[in-house]
1. Can you name the condition, by its number, that TYR3 falls short on among (1) more than 30 Å from LYS128 (Cβ to Cβ); (2) free of Cβ contacts under 8 Å to residues at least 40 places away in the same chain?
2. With the requirement that a residue be more than 17 Å from ALA36 (Cβ to Cβ), assigned to a helix (DSSP H, G or I) and aliphatic (A, V, I, L, M), what does segment 74-127 give you?
3. Taking segment 59-73 as the search range and keeping residues that are of a type in the set (Ser, Thr, Tyr) and part of a helix (DSSP H, G or I), which one is surrounded by the most Cβ atoms within 10 Å (Cβ to Cβ)?
4. For the structure I just gave you, tell me whether THR29 is near ligand 2 (Cβ under 10 Å from one of its atoms) and in a strand (DSSP E or B).
5. Here are some residues: LYS46, LYS80, LYS87. Which one is surrounded by fewer than 16 Cβ atoms within 10 Å (Cβ to Cβ) and of a type in the set (Lys, Arg)?
6. Could you grab me the full set of residues in segment 77-92 that are out of contact with any Ser or Thr (no Cβ under 9 Å at 6 or more places or on another chain), without any contact (Cβ under 8 Å) to a residue 24 or more places away in the chain and acidic (Asp, Glu)?
7. Of the numbered conditions (1) more than 16 Å from ligand 1 (Cβ to nearest atom); (2) at pLDDT 95 or above, SER4 satisfies every one except a single condition; which is it?
8. Take SER98 and tell me if it is surrounded by fewer than 23 Cβ atoms within 10 Å (Cβ to Cβ) and either modelled with pLDDT of 95 or more or in contact with a strand residue (DSSP E or B) (Cβ under 9 Å, 6 or more places away or on another chain) (or both).
Amino acid sequence: MAYSEKLLDHYDNPRNIGSFDKNDGGVGTGLVGAPACGDVMKLQIKVGADGRIADAKFKTFGCGSAIASSSLATEWVKGKTLEEAEKIKNTEIAQHLSLPPVKIHCSVLAEDAIKAAIKDFRTKQGSKDKAAE
Ligand code: FES
Ligand code: FES
């Protein structure tokens with residue numbers, strides 16, 4: 001099976017590996033697992049005062065396609081608003097990396113991780129607003 005150059009590039013040189021402090025108020029953390037294979041992906045976003053995603057990091061315990069998908073996802077969310085980042089589709093990730101059909105679920109993991117990170121950030125914002133009242 002031939003993997004695309006873009007996929008191998010993200011696999012060989014993953015962007016934005018690492019973690020933020022998940023207790024930081026500006027950070028949203030998404031942790032998702034793929035039932036199909038047991039792989040796990042953690043994706044974090046750091047939201048700036050302007051409401052845009054200033055930075056993103058990931059850690060993926062999984063296959064090369066999952067690593068490449070999460071690496072690409074961290075690049076794509078940067079500079080976006082939460083609403084824009086939410087619209088990133090796994091099909092766009094799969095298409096960009098030319099993932100083979102058996103690896104499509106790896107890109108689903110990345111879409112789910114972005115959504116989970118945004119949800120976590122919003123939940124934290126909500127509780128902060130309440131605390132401030
Ligand atoms: Fe083994 Fe994904 S199934 S790494
Ligand atoms: Fe399961 Fe890639 S995430 S094989």
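The values are calculated or read from the model by the stated rules, or taken from the named source; none is laboratory data. Bear in mind the structure is a predicted one, so any value in this text is a computation, not a measurement. Cβ coordinates were reconstructed from backbone atoms using ideal geometry, including for glycine residues, and neighbour counts include every protein chain displayed.
1. Of the numbered conditions (1) more than 30 Å from LYS128 (Cβ to Cβ); (2) free of Cβ contacts under 8 Å to residues at least 40 places away in the same chain, the odd one out for TYR3 is (2).
2. Passing the criteria: VAL77, LEU82, ALA85, LEU97, ILE114, ALA116, ALA117, ILE118.
3. Per the criteria, the residue is SER69.
4. no
5. On the way: LYS46 fails: surrounded by fewer than 16 Cβ atoms within 10 Å (Cβ to Cβ); LYS80 fails: surrounded by fewer than 16 Cβ atoms within 10 Å (Cβ to Cβ).
Result: LYS87 is the single residue among LYS46, LYS80, LYS87 that is surrounded by fewer than 16 Cβ atoms within 10 Å (Cβ to Cβ) and of a type in the set (Lys, Arg).
6. GLU83, GLU84, listed by residue number.
7. Going through (1) more than 16 Å from ligand 1 (Cβ to nearest atom); (2) at pLDDT 95 or above one by one, SER4 breaks only (2).
8. Yes, satisfied.
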